[in-house]
Amino acid sequence: MKNFTELDLNPALKRAIADLKYEIPTPIQAQALPILLGKPTDFIGLAATGTGKTAAFSIPLLERIDPSLRKLQGLVLCPTRELAMQVSGQITLMGKHLGIRALPIYGGSEYGNQISGLKAGISVVVGTPGRLVDHINRGTLKLGDLKALILDEADEMISMGFKDDLEAILKAAPHKENNIWLFSATMSRDVRRVADTYLKNPVTVQVNKKEMLSNTVEQIYYSTNESNKPEVLCKLIDIAEDFYGLVFCQTKSLVIDLTSFLNERGYKVDCLHGDKDQKSRERTMQSYRDRRVSILICTDVASRGLDVKDVTHVINYSLPRELDSYVHRIGRTARSGKPGFAMSLVAPMNRHLIPRIEKMTNSRMREGKIPSGKDIFKKKIKKILSEFNNQKTFTRAMEMMEDTWKTETEHMTKEEIIGRFLVMGFPAMFEGAKEAPPQQRTPPRRDFKHDTRPSHKHASGGGHRHHKRRG
Ligand code: AMP
C-alpha cells in the first residue's frame with residue numbers, strides 16, 4: 001500500500017485524512033491498515049510513539065463505527081492523560097466528516113462532565129485504565145456494544161502499574177468477534193503474558209527500529225564528564241542556529257536541578273516530571289507549544305505521548321536506562337522530512353552503550369566536538385549581525401547625530417566602531433574581557449545531582465554564573 005487513496009474507505013474518512021495532509025502511509029500504517037480493515041482479527045502492532053500508530057488504529061476503528069447507534073463502540077486505553085487527550089483529539093479530527101467524536105476520560109478530573117459525556121451516547125472513549133475501571137464499576141461505562149478495544153502503549157501501561165486495571169477491562173469487554181488490537185513499543189514478558197491470555201491468534205506486525213528512525217535525523221554524541229554536562233548543554237544550545245528542543249534526564253531530581261540551572265542562566269526553559277499536577281503540566285505544554293519556552297526538560301515517563309511539531313533538537317542529557325527508549329525519545333525530532341538533531345551527552349562509563357545503540361538502530365552516531373568558548377562567542381556575535389541587519393528605525397538616530405560624532409569617529413576603522421557598539425550594546429557578553437574574547441572562568445561549585453548509570457552518584461558541577469541571555 002503506497003497511498004491512502006488506494007484504500008477502500010468511507011469517502012468522509014478519506015476527506016478527513018486529506019484534511020490532515022496525510023498522503024503516504026507510515027510503515028506501521030502500511031502494514032497494519034490492510035489487516036485491520038480486513039476480516040476481524042486480534043492484532044499486535046509493535047511500534048513506538050511518533051510512528052503514526054494512532055492513525056493505524058483510528059482509521060479501521062472509525063470504519064467500524066455506526067454513529068447513529070449512539071452507543072460506545074470503540075475504547076482506547078492509554079497510559080497517560082496527555083496521550084489520552086492527544087489520541088482522542090486525533091480520532092475526533094479523523095471522524096469529523098463522519099459525525100464521530102471521541103471523549104477523553106482520565107483520572108484527576110471531575111466525574112460530572114465525563115458521566116454526562118458518556119450518557120450523551122458517545123461512540124469512542126479514550127482513557128487511562130484506572131478511571132475507566134471506576135466508570136465500569138459505577139455502571140457509567142458499558143462495553144456491551146464494543147466493536148474494537150485498543151491498548152495503546154501496552155508496555156507503558158504495564159510498567160506504570162496499570163496491569164490489574166488493564167486485565168479488569170479486558171475481562172469486562174465482550175470478545176464476540178476478534179477485536180482486540182494491542183500496540184506496544186516493546187514485547188516485554190508482561191506484554192507477552194497479557195497478549196497470550198486475552199488475544200486469540202493475533203496477527204503481529206513490527207516496525208523495526210531502523211524504520212522507526214527518521215532518515216533526516218542527525219545523531220551525534222559528545223563525550224563529557226558528568227560534572228561538565230550542564231556547561232556542555234548550554235554550549236550546544238548556544239551554538240545552534242535555532243533551538244526548540246527536548247532534553248531528557250533519567251531522574252526527576254535531575255530534571256528539577258537542570259531546569260533551575262538553565263533558568264538562572266536566562267534560558268527560556270520549563271520541565272515535565274512525575275510530581276507535577278495536571279494543571280501545571282498542561283500549562284507547561286501550552287507554553288512550550290506557544291514557544292514561550294524553547295527548552296523542555298523531562299523524564300521519559302513524563303514525556304509519554306508528548307507530540308510537538310518542529311522540534312529541532314532532542315538531547316539525551318542522560319542516556320535512557322532502556323535502550324528502546326532511545327528511539328522513542330529521538331523520534332520526537334526530524335518529523336515529516338524536516339531535519340533534526342539527536343544529541344547524546346555520554347560520560348566515559350556509558351561510552352560502551354554507543355555501539356549498542358548503533359547496533360540496535362542499525363545506524364551510525366558521529367562523535368561531535370564540544371564547541372569552544374570562542375565558537376560560542378563568534379556565534380553570538382553572528383546572531384547580533386542579523387538583528388543589526390534587520391534594524392529599520394535608524395534614520396532618526398542619524399538625523400539627531402551632531403557633527404562631533406563624525407569628527408570623533410573619523411580616525412577609527414569600521415571594525416573599531418562596530419566593536420565599541422557591541423561592547424556598549426551587549427556589555428554582559430564582554431564582561432571580564434580585555435582585548436581577547438572572554439575565557440571560561442572557574443565555575444563556583446554548586447550541588448548538582450547528576451545521574452550516572454548504573455549507580456546514582458552525586459557529583460558537583462554547574463558552571464559560572466554569568467549574564468542573562470538576551471532575546
Ligand atoms: P503518532 O505516532 O500516531 O503519535 O503520530 C506521530 C505524528 O505523525 C503525528 O503528529 C501525526 O499527525 C503524524 N502522522 C501520522 N501519520 C502520518 C502520515 N501518514 N503522514 C504524515 N504525518 C503523519
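The values are calculated or read from the model by the stated rules, or taken from the named source; none is laboratory data. Predicted, not measured: the structure shown is a model, and the values here were computed from it. Positions of Cβ are generated from backbone atoms using ideal geometry, with glycine treated the same way; all protein chains shown enter the neighbour counts.
Summary of values
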item	result
Qualifying position, being basic (Lys, Arg), modelled with pLDDT under 95 and under 23 Å from the mean Cα position of the chain (by Cα), among LYS200, LYS210, LYS235	LYS210
Identity of the residue in the range 19-32, within 14 Å of VAL203 (Cα to Cα) and buried (at least 22 other Cβ atoms within 10 Å of the Cβ), that ends up farthest from the ligand (Cβ to nearest atom)	ALA32
Residue tally, condition free of Cβ contacts under 8 Å to residues at least 60 places away in the same chain and either more than 17 Å from LEU151 (Cα to Cα) or away from the ligand (no atom under 16 Å from the Cβ) (or both), over the range 95-126	22
Residue under evaluation ASP307, criteria (1) under 14 Å from GLU156 (Cβ atoms); (2) assigned to a loop (DSSP other than H, G, I, E, B); (3) within 16 Å of the ligand (Cβ to nearest atom), criterion not met	(1)
Residues satisfying the stated conditions in the range 152-185, i.e. surrounded by fewer than 19 Cβ atoms within 10 Å (Cβ to Cβ) and in contact with an Asp or Glu (Cβ under 7 Å, 6 or more places away or on another chain)	LYS163, ASN178
Count of residues meeting criterion [within 20 Å of the chain's Cα centre (by Cα) and modelled with pLDDT of 95 or more] in the range 85-103	5
Among the candidates THR312, THR284, THR259, residue that is touching a Ser or Thr at 6+ places or on another chain (Cβ under 8 Å) and at pLDDT 90 or above	THR312
Test for SER325: is it part of a loop (DSSP other than H, G, I, E, B) and either at pLDDT below 90 or touching a helix residue (DSSP H, G or I) at 6+ places or on another chain (Cβ under 9 Å) (or both)	no
Residue within the range 292-299 that is within 16 Å of the ligand (Cβ to nearest atom), closer than 20 Å to VAL217 by Cβ, assigned by TED's automatic domain parsing to the domain that holds PHE248 and in a strand (DSSP E or B) present	no
Filter result for VAL269 (within 17 Å of the chain's Cα centre (by Cα) and of a type outside the set (Gly, Ala, Ser))	yes
Subset tally (residues that are polar (S, T, N, Q), more than 12 Å from the ligand (Cβ to nearest atom) and surrounded by 23 or more Cβ atoms within 10 Å (Cβ to Cβ)) for the range 38-59	0
Residue in the range 4-18 that is within 27 Å of the chain's Cα centre (by Cα), within 13 Å of the ligand (Cβ to nearest atom) and hydroxyl-bearing (Ser, Thr, Tyr) present	no
Criterion: more than 27 Å from ARG192 (Cα to Cα), among the polar types (S, T, N, Q) and more than 9 Å from the ligand (Cβ to nearest atom) - qualifying residue of THR80, THR92	THR92
Check on ILE35, within 11 Å of the ligand (Cβ to nearest atom) and either over 22 Å from GLY99 (Cβ atoms) or surrounded by fewer than 20 Cβ atoms within 10 Å (Cβ to Cβ) (or both)	no
Single unsatisfied condition, LEU319 versus (1) part of a loop (DSSP other than H, G, I, E, B); (2) crowded, with 16+ Cβ neighbours inside 10 Å; (3) modelled with pLDDT under 85	(3)
Residue list for the range 155-185, filter: under 12 Å from PRO129 (Cα atoms) and either in contact (Cβ under 8 Å) with a residue 60 or more places away in the chain or in contact with a Pro (Cβ under 7 Å, 6 or more places away or on another chain) (or both)	GLU156, MET157, MET160, PHE162, ASP165, LEU166, ILE169
